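Below: one structure, written as structure tokens.
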Amino acid sequence: MGNGRNLVGQVLGKYELKEILGRGGMAEVYLGFQAALKRNVAVKVLPANFAAEEGYIQRFIREAEIAASLEHPNIVPIIDFGTEGGIPYVVMRLLRGGSLADRIRQRRTDGGEFSTLGEAETLLAQIGGALDYAHKRGIVHRDIKPNNIMFDQQGTSFLVDFGIAKPLEGTAEMTMRGTSLGTAAYMSPEQWQDKKVSPAVDQYAMGLIIYTLVTGQAPFDTSTSGNPLALMHKHLYEMPTAVHQIRPELPPVVSQVIERSIAKIPEERYETMTAFAEAFSSAIQGIEGKSRTTGFFTFSLPEKPIDQVPASGIGRPPTPAAVPRAAPSGPVTPPANPPPYTAYPVQPPSGITPLSQIAADQRAKPESGGSDARTLLLIGVIIIILAAAIVAMLVTEPTATGLILPLWL
């Protein structure tokens, strides 16, 4: 947004905008009131500066159409869609329980307890069921992340934000070639490689989320989040520390289930989200404390300044992340100094160049360029000396160069 526009007090269609609930890079979400039914709703608005840009209106409309076509108890329902005074808007059910990202962030801030295995199991069953429902209808979300899992005040989870969802058939691709859409921390190897997506990309992201809930820490070192190449390397070639190594009281089978969901090769993941959820449920059966409740999905969240509330939490189209494609080559050599998480070298897919080799090639380029420049300079000096010698000869002995001398006169 950044343009300071405030639509509070205005009416879009049947909805009066009461207050701003959140702002994101590409959308605003307002608390709306529908007088005819005396109910509050969430109204998502595309800013004017994006409405004029090619592709944003289409993506906004496509999100509304896709989400409206999906009727599932764990997918946020679309109530209405329209354009008023040149402002496109989408009306959704109002969710007051915050996002999973809010809850993870708050627990890290206050040192409170993360979800139990049973609570993680419930979330996986709910969101997994929603994703399977969408996948069966040919829709891949492509941006599963904690910000896109919202809760009502009873702790029921909802999948939101179909802004970059992709129908598997029958629609034009809206992504630029050579880039991938998604959130870098949760993008699957095939998304980083700009390959064709399948429902497996959503499972990969959900596997990383379950890993975080079970261990209380991110699967990959978040200090690399500002370096897309380093983060890409982790997603392509490394596995996070096994869950049972972080929590020794858990059996290795819990690690094995999660690791299969985040396998580097899509075909090695579970066939469906339901299969993943069932495998996880089976793995945690009989573990002490599994059924204990922490209230992780229902505890009260502190209010935040509007500018800190991401509109993605209520369904905004996320900012496309332009990420480099991995380039061709051979196997990966484990790093000499491994990151804080255990690195498991993986045979890379064919056609991928290890980032260490790319970096080495880039470092070599300046030296090569400097050497070429010195060579050209030396050649230039030699030419100037030869030219000066010829000039001197022409001036002192003109008759000996009868064929050349007329050119000088």
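Odds and ends about this structure:
- Where labels lie 7 Å past Cα in the beta-carbon direction, separation of Ile384 and Thr109 in nm: 6.6 nm
- Inter-centroid distance (Cα atoms) of segment 66-103 relative to segment 122-141, Å: 17 Å
- Label-point separation, Thr298 to Leu229 (7 Å along Cα→Cβ), nm: 5.0 nm
- Calculated from backbone phi, Karplus (6.51, -1.76, 1.60) coupling profile of segment 236-248 in Hz, x at Gly/Pro: 7, 10, 10, 10, x, 3, 4, 4, 6, 7, 7, 10, x
- With 19 Å as the limit on Cα-Cα distance, the pairs of Lys234/Lys290; Lys136/Lys290; Lys44/Lys195; Lys14/Lys44 that go past it are Lys234/Lys290; Lys136/Lys290; Lys44/Lys195.
- Distance between the pseudo-spin-label points of Gln153 and Ile87 (7 Å out from Cα toward the beta carbon): 2.7 nm.
- When the alpha-carbon atoms of segment 11-92 are used, the pair Rg, Dmax equals 12.5, 37 angstrom.
- Residues whose amide H comes within less than 5 Å of that of Tyr30, counting only those at least five positions distant or on another chain, are Leu21, Val43, Lys44, Val45 (H built at 1.01 Å from N in the peptide plane).
- Theoretical FRET efficiency, 1/(1+(r/R0)^6), r = Cβ-Cβ of Glu268 and Glu19, R0 51 Å, to 0.05: 0.60
- Interchain or long-range residues, amide H under 5 Å from Phe81's placed H: Val91
Coordinate-derived values only; no laboratory data. This is a predicted model, so every value here is computed, not measured. Note that each Cβ is placed from the backbone with ideal geometry, even for glycine, and that neighbours are counted across all protein chains shown.
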